[in-house]
Amino acid sequence: MPDIVLTAQQQRTRKRNLTEKRFRRLCFAAIAVTAVFLAFLVMNLGIKAVPAFTSSAMPLTINVEPDKVDSTAIASGDFPGMVKDAIAKLMPKVESRADRKKLYQLLSGSVADEVQHRVMADPSLVGKDVTLQATLSADADMFLKGQQTSTTKFAGTAPLSLAADGEAFKISAQGHGFKAGEIVLTPTGALRVTETSAEGAKAEALVAPDETGAVAAGQWQSLQFSDGEDSRRTSDLEAVWLQRFTDQGKIQSMFDKALFTNGDSRAPEQAGLRGAFIGSLFTILVTLLTALPLGVAAALYLEEFAPKNRFTDLIEVNINNLAAVPSIIFGLLGLAMFLNFFGLPRSSSLVGGLVLALLVLPTIIIASRAALRSVPPSIKEAALGVGASHQQAVFHHVMPLAVPGILTGTILGIARALGETAPLLMIGMIAFIADVPGRITDAATVLPVQVYLWSTLPEAAFRSRTSAAIIILMIVLLCFNALAIFLRNKFERRW
Amino acid sequence: MVSLVIIVALSVLAYFASQMRAAALAAGGATLRARPTFHGYLAFVVALLAGLVALALAGLTPALPALIAAPAAAAAGGIAVFLAVSPVLRARVIFEKIVLAVLILASAIAIFTTIGIVASVAVESLHFFQQVPMQSFLFGTDWSPTAPVPSFGFVPLLTGTLLITVIALTVAAPLGLLSAIYLAEYADLKTRAIAKPLLELLAGVPTVVLGFFAALTVAPFIKTAGAAMGFSIASESAMAAGLVMGMMIVPLISSLSDDVINAVPQAMRDGSYAMGATKSETIRKVVFPAALPGIVSAFILAISRAIGETMIVVMAAGLAPNLTFNPFAAVTTVTVQISAMLVGDQEFDSAKTLSAFALGLTLFLITLALNIYALRVVRKYKEHYA
């Protein structure tokens, strides 16, 4: 078959069609990149957030000793002491004060608080036992989740020979090569490998073992960590304790209620979002109650009543410009006007809500005007025709038909306010506030600011907390947007 | 709060009293100039407004107890209207005038807000410039507000802001524009129905979330990538902040450009097709030039947005005021410094706190100029094709 010879024109057409295809693909790629970015963002944050939704806990029975608490002054009782005794009972051979303290610190500080709480509620508990699920501290929790270091566990499949060598021990096991830093757990003790050689290893005692000679296969195990003891927050000894508790089947992973029911805290495992939730709720209520009436009123005037003159022109230019002013400037306005000039309470939801109201006002006005404009003039004209006053025609006939559009715009504006951080930093909503606010003039914080606050903290445990807060914030925002879309689809009328 | 409830209760009471009195007059055979309901409405708004004004006055003058003054004023207003009810009272006309006044006041809030911004920022800036000469602020190249001898040179902040903005625009301009072209010219309804909400979703992601992502995921990635290629890159770099900010701006550019491209009359495209041009040739040689002014203004609005963005740069760009154009160095921006100066202790007599307002003023003026220019271009453009 002879080669098909293309004329110059055919060649040109082919080239042009190729260019066409390439351009189309390029345009599609732009959308694809954006979609991939969004998907990656959500997945990345989601994966980071997962660990924060569970926490580790273990059952603990605490004896409320009468000599540590006076039933007439329960609040001044030594509850941490009781918890310290209770956990020490579970781990014999922990004798030194420092080690007991370390053991106690595996637990969250909230355990002692909870015991105190229960005894205050029921003073007859003094002298009795209290059993509760004791939450572990964030460090212990992260270690168990493998977020501090990755732990490799070896079950002892061959007998372990164990011989005392002065202070240290000589250990060896068939078919298992020990590594320096490895931890060997025997039924009663724990050893840390210090030196390795061809025929075995030298180890020092973390917890002195009672047995010498040989440990049967299956009676011992060993742990290797990817990070050295210096570069993790959980020491080898603490790791041994946690491993013992795990082997005893005590440690349970539970849904982390504290994340939702607690206020903010310096301790990661106790830090929760309740304060931020309530703060956001108050702030958004203030925003809604101010911005919605003002926005609708302004839109009604500009769309329905305003004569075309310089004053209304000025208003319109102002609204359009305000919509594009950086949000941090509104924070400066709030600081100088609401706080310094009017003397409203600093850090409060009231001021935050007012600042956000000014911020979203242009958005609401523009959306409301569009909604009013889309109502056909014939409706107003009919009302005027049967003798309604101008205002009656607008308020009774035009506005009700524009309500779905106004609501949609308002919800989108509110969703924006809910995600806004920068202006609130200026008016002091960034302060650490452990209490849940009870009124709109109380110092408060909001969800996005809480995200920022947690993201600045050095503890690694706060990182997953931050991601969890972000996921919750995004779900709330998604709900708002879904509601707006639902309203738009359900009530929107095309004329 | 209590006085507010009392005011509202009194106003409702005034409504019923006046409405009933007018209704009784009508039942007695009098011809009213307004329906009884309007007499009620009038009493309601007069009582309410009187109460609210008294409440505000009581808030400003501590000598006046709100709990007495506000209800008294509301009652007085209600009673005045109640006594004025008569067949000749033009209740509806007066009521509608009051409503209109309230509407005008509400729309004037926009003006008040602008005045408030300018006033609050400008006054504190004046205080700042009394302590620091304007020249050394505008042209100084050293920003060290916490040093023993503080120095407030604006230039490193400006270059940092511009550097990040340029990176952001380099990412966002092609992505945003090409997606807009795809949505407006190529996408079928189904693709549009997926892609548009997707872009809106990205636009709705709070910036604090993007900042966290930039600081914790993008910046370490850039750092390790740089280390793999033998560069050492700061863990807080202009690049990380700029890239993520670029992604944040994509929806803004694409939705504005989408509108602009859709506004180009179909006849222009049809003419081009009739001459035998392919779709991409039409887009590049006919639609794009026609839409160019609008697209330029979309870019300008995007620049203004990037300059004013705060959280991403606060979390990912850092506080180091380096005068550099190296995208892998740590830089700081105007917005970062504003928040750094104001978060924590505020002393309104120190130049450090006041400098935030000077920076705010500069930021406001820059973005205002950009916005006004862009909005004017859009307006002209709309008129051109309308």
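Taking the 1.4 Å solvent-accessible surface of chain A as the whole, the part contributed by carbon and sulfur is 58%. Working value for the protein assembly as shown: equivalent-ellipsoid semi-axes of 59, 42, 27 Å, each the square root of 5 times a Cα gyration tensor eigenvalue, largest first. For chain B, what is the relative contact order in percent, using Cα pairs closer than 8 Å and at least 6 residues apart in sequence? Computed value for chain B: 17 percent relative contact order. Computed over segment A:91-171, the P(r) curve from all C-alpha pair distances, binned at 5 Å from the origin, holds 3, 10, 11, 12, 17, 16, 11, 7, 6, 4, 2, 0 percent per bin. Considering only B:GLU124, B:GLU281, B:GLU96, the Gaussian network model of chain B with Cα springs below 10 Å gives its largest mean-square fluctuation to B:GLU96.
Distant-in-sequence amide contacts of B:GLY153, defined by a placed amide H-H separation under 5 Å and a gap of 5 or more residues or a different chain, comprise B:ASP142, B:TRP143, B:SER144. Membrane-span-like helices of chain B, defined as complete DSSP H segments with a Cα extent of 20 Å or more along the helix axis and a mean Kyte hydropathy of at least 0.5, are identified as B:2-27, B:36-60, B:66-84, B:91-131, B:155-181, B:189-204, B:238-263, B:288-308, B:351-385. Taking a sphere under 13 Å around the Cβ of B:ALA316 and counting the other residues whose Cβ falls inside, with K and R at +1 and D and E at -1, yields a net charge of -1.
If the segment from B:GLN266 to B:VAL343 were pulled out straight at 0.36 nm per residue, it would be longer than the present Cα-Cα gap by 22.4 nm.
Here is the list for segment B:285-386: GluC sites (Glu not before Pro) lying in DSSP coil, each with at most 10 other C-beta atoms within 10 angstrom of its C-beta, are B:GLU347.
Across segment B:2-109, the mean sequence separation of Cα contacts (distance under 8 Å, 6 or more residues apart), normalised by length, yields a relative contact order of 35 percent.
As a length-normalised measure over Cα pairs under 8 Å and 6 or more apart, the relative contact order of chain A settles at 15 percent. Taking label positions 7 Å along the Cα-Cβ direction at both B:TYR273 and A:ALA163, the computed distance is 9.3 nm, reported to one decimal.
Distance from the C-alpha centroid of segment A:383-417 to that of segment B:177-239: 38 Å, rounded to the whole angstrom. Pairs of lysines in chain B whose Cα atoms sit within less than 29 Å of one another amount to 11, provided the residues are eight or more positions apart or on different chains. Residue-wise HN-Hα couplings along segment A:158-173, as the Karplus relation 6.51 cos²θ - 1.76 cosθ + 1.60 with θ = phi - 60° gives them from phi, are 10, x, 9, 8, 10, 9, 5, 9, x, 5, 8, 10, 10, 10, 7, 8 Hz; Gly and Pro carry x. Whole-Hz Karplus values for segment A:187-199 come out as x, 10, x, 9, 10, 10, 5, 10, 9, 10, 9, 4, 8 Hz, taken residue by residue from phi with 6.51 cos²θ - 1.76 cosθ + 1.60 and θ = phi - 60°; glycine and proline positions read x. Once you reduce segment A:325-367 and segment B:243-279 to the center of their Cα atoms, the two points are 36 Å from each other. Summing charges over neighbours of A:GLY272, with a neighbour being any other residue whose Cβ is under 13 Å away from its Cβ, gives 0 when K and R count +1 and D and E count -1. Per-residue ellipticity at 222 nm computed for chain A from its helices equals -16000 deg cm²/dmol, with DSSP H segments shorter than 4 residues left out and the rest contributing -39,500 (n - 2.57).
Only Lys, Arg, Asp and Glu carry charge here, each on its Cβ (+1 for the first two, -1 for the last two); on that basis the protein assembly as shown has a dipole of about 3940 debye about its Cα centre.
Separation of segment A:95-124 and segment B:76-150, taken as the distance between their Cα centroids, equals 55 angstrom. Excluding ligands, DNA and RNA, the accessible surface per residue across the protein assembly as shown is 46 Å² with a 1.4 Å probe. When chain B is treated as a GNM with alpha-carbon contacts under 10 Å, the residue of B:VAL81, B:VAL121, B:VAL218 showing the greatest mean-square fluctuation is B:VAL81. All distinct Cα pairs of segment B:2-109 go into the 1/r average, and the inverse of that average, the Kirkwood radius, is 14.2 Å. Look at the stretch B:309-320: the mean tally of other chain Cβ atoms within 10 Å of its residues' Cβ atoms is 3. Around the amide H of A:ASP256, modelled in the peptide plane, lie the amide H atoms of A:THR54, A:SER55, all under 5 Å away and 5 or more residues distant in sequence or on another chain. Scaling the Cα radius of gyration of chain B by the globular reference 2.2 N^0.38 Å produces a ratio of 1.40. Computed from protein heavy atoms with a 1.4 Å probe, the total accessible area buried between B and A is close to 6700 Å². Loop-located GluC sites (Glu not before Pro) in segment A:10-115 (DSSP state not H, G, I, E or B) with no more than 11 neighbouring Cβ atoms inside 10 Å: A:GLU95. Once you divide the Cα radius of gyration of chain A by 2.2 N^0.38 Å, the number left is 1.44. Scalar couplings 3J(HN,Hα) for segment B:138-148, obtained by applying the Karplus form with A = 6.51, B = -1.76, C = 1.60 to θ = phi - 60°, are 6, 10, x, 10, 10, 10, 9, x, 9, 5, x Hz; x denotes Gly and Pro.
Local charge for A:LEU103 was computed over the other residues whose Cβ lies under 9 Å away, with Lys and Arg +1 and Asp and Glu -1, and equals +2. Amide H to amide H distances under 5 Å link B:PHE328 with no residue, where only residues 5 or more positions off or on other chains count and H is placed in the peptide plane. Dipole of the protein assembly as shown computed with +1 at Lys/Arg Cβ and -1 at Asp/Glu Cβ about the Cα centre; of B:TYR186, A:ILE4, B:PHE139, farthest Cα towards the positive end is A:ILE4.
The chymotrypsin sites (Phe, Trp or Tyr not before Pro) of segment A:324-390 meeting both criteria, a DSSP state outside H, G, I, E and B (loop) and at most 15 other C-beta atoms within 10 angstrom of the site's C-beta, are A:PHE342.
The values are calculated or read from the model by the stated rules, or taken from the named source; none is laboratory data. Since the model is a prediction, treat every value here as computed from it, not as a measurement. Here Cβ is always computed from backbone atoms with ideal geometry, including for glycine, and neighbour counts include all displayed protein chains. Note: accessible area is taken over every heavy atom of the protein model, side chains too, but ligands, DNA and RNA are not part of it. Shrake-Rupley method; radii C 1.70, N 1.55, O 1.52, S 1.80 Å.
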